[in-house]
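Participant: Questions regarding the structure given below will be posed in turn.
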Amino acid sequence: MAELREAQQSRVIGQKVLRPREQVEERLRAAILAGELKTGDLLPPEVELARQFNVSRTTVREALRSLTTQRLIYKQPGSRGGNFVHHIDHHSLGTAVIDSVHNLLTLGSIEFGEVAEVRQHLEVPAARLAAVHRTGEDLERLRDIVRRQKTASVDDPEVPKLDEEFHTLIAEASRNRVLASFVAALHHETEPVHYLDLSPEVGRATVRQHKAIVDAIAAQDADAAEVAIVKHLTYLRKHSAEHSAG
């Protein structure tokens, strides 16, 4: 009998009671994620949402502001404006990661080295998968980047962008969109080339390493791609550390 009473007392039948703003936000979020509201759809005006939810316009406005921060909707000004459903795909995931990591770095909640370390760990499986799944178009784009890097001087302002494009394209060639989003986002936030002592020698070595990575991916040799990317990342870590120490 005591066991029965204890079981009845511990039974969970309740759930968190949400505030009106949270209820509006949760309902709209669920509608977007379930596809009831599709990309580009215009949400009803604030006054109409307030009527439908039986809440104040202030409550609706706070819910919409939160959804905007989450990049689920965006506000467009003007007579034809309003609140529209954002385009949600793996690129949106990358944007969210960039924003979150940037804020945490700014606040000092995480350290630059931690972000760089995770990015480097993710780039290894990305290179292996790229060797398996790359297309002819991927190869041509990668080779074009290497050609442009080969002719660029170390003080060319395009150098950081080319480096970011190179690593991002390898991740995209993996055909794993989640992996590609994370690599692109973390690379964007750490931008390793900015932390190198970019002498002509370092520039030439980096281009040679990039070419070796592309050659391995072209040959669809996952093991060689891993060896090449690890060698490149090890080189970056060594020279980044030396530059920081200096």
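Participant: Given 134, 143, which one is of a type outside the set (Ser, Thr, Tyr), in contact with a Ser or Thr (Cβ under 9 Å, 6 or more places away or on another chain) and modelled with pLDDT of 95 or more? Don't jump to the end; show me each part of the working.
Facilitator: Values: 143 fails: in contact with a Ser or Thr (Cβ under 9 Å, 6 or more places away or on another chain).
After applying the criteria, what remains is 134.
Participant: Would you mind finding the one in 156, 138, 163 that is within 27 Å of residue 229 (Cα to Cα), of a type in the set (Asp, Glu) and part of a loop (DSSP other than H, G, I, E, B)? Write out each step before concluding.
Facilitator: On the way: 138 fails: part of a loop (DSSP other than H, G, I, E, B); 163 fails: part of a loop (DSSP other than H, G, I, E, B).
So the residue among 156, 138, 163 that is within 27 Å of residue 229 (Cα to Cα), of a type in the set (Asp, Glu) and part of a loop (DSSP other than H, G, I, E, B) is 156.
Participant: Looking at region 191-236 only, could you name the residues that are at pLDDT below 85, surrounded by fewer than 16 Cβ atoms within 10 Å (Cβ to Cβ) and under 23 Å from the mean Cα position of the chain (by Cα)?
Facilitator: Answer for region 191-236, where residues must be at pLDDT below 85, surrounded by fewer than 16 Cβ atoms within 10 Å (Cβ to Cβ) and under 23 Å from the mean Cα position of the chain (by Cα): 191, 194.
Participant: Sticking with this one: Which one of 42, 37, 129 is crowded, with 17+ Cβ neighbours inside 10 Å and not assigned by TED's automatic domain parsing to the domain that holds residue 188?
Facilitator: On the way: 42 fails: crowded, with 17+ Cβ neighbours inside 10 Å; 129 fails: not assigned by TED's automatic domain parsing to the domain that holds residue 188.
None of the other options fit; the residue is 37.
Participant: Pick out, from region 1-58, the helices (runs of 4 or more DSSP H) lying fully within it that include 2 or more residues that are at pLDDT below 90. Working first, answer last.
Facilitator: Values: elements: 2-10, 20-33, 46-53.
Those helices (runs of 4 or more DSSP H) span 2-10, 20-33.
Participant: Continuing with the same structure: Which numbered condition trips up residue 82, out of (1) in contact (Cβ under 8 Å) with a residue 40 or more places away in the chain; (2) under 30 Å from residue 178 (Cα atoms)?
Facilitator: Among (1) in contact (Cβ under 8 Å) with a residue 40 or more places away in the chain; (2) under 30 Å from residue 178 (Cα atoms), the lone unmet condition for residue 82 is (2).
The values are calculated or read from the model by the stated rules, or taken from the named source; none is laboratory data. Keep in mind the model is a prediction, meaning the values are calculated, not measured. Every residue, glycine as well, gets a Cβ built from its backbone with ideal geometry; the counts of neighbours run over all protein chains shown.
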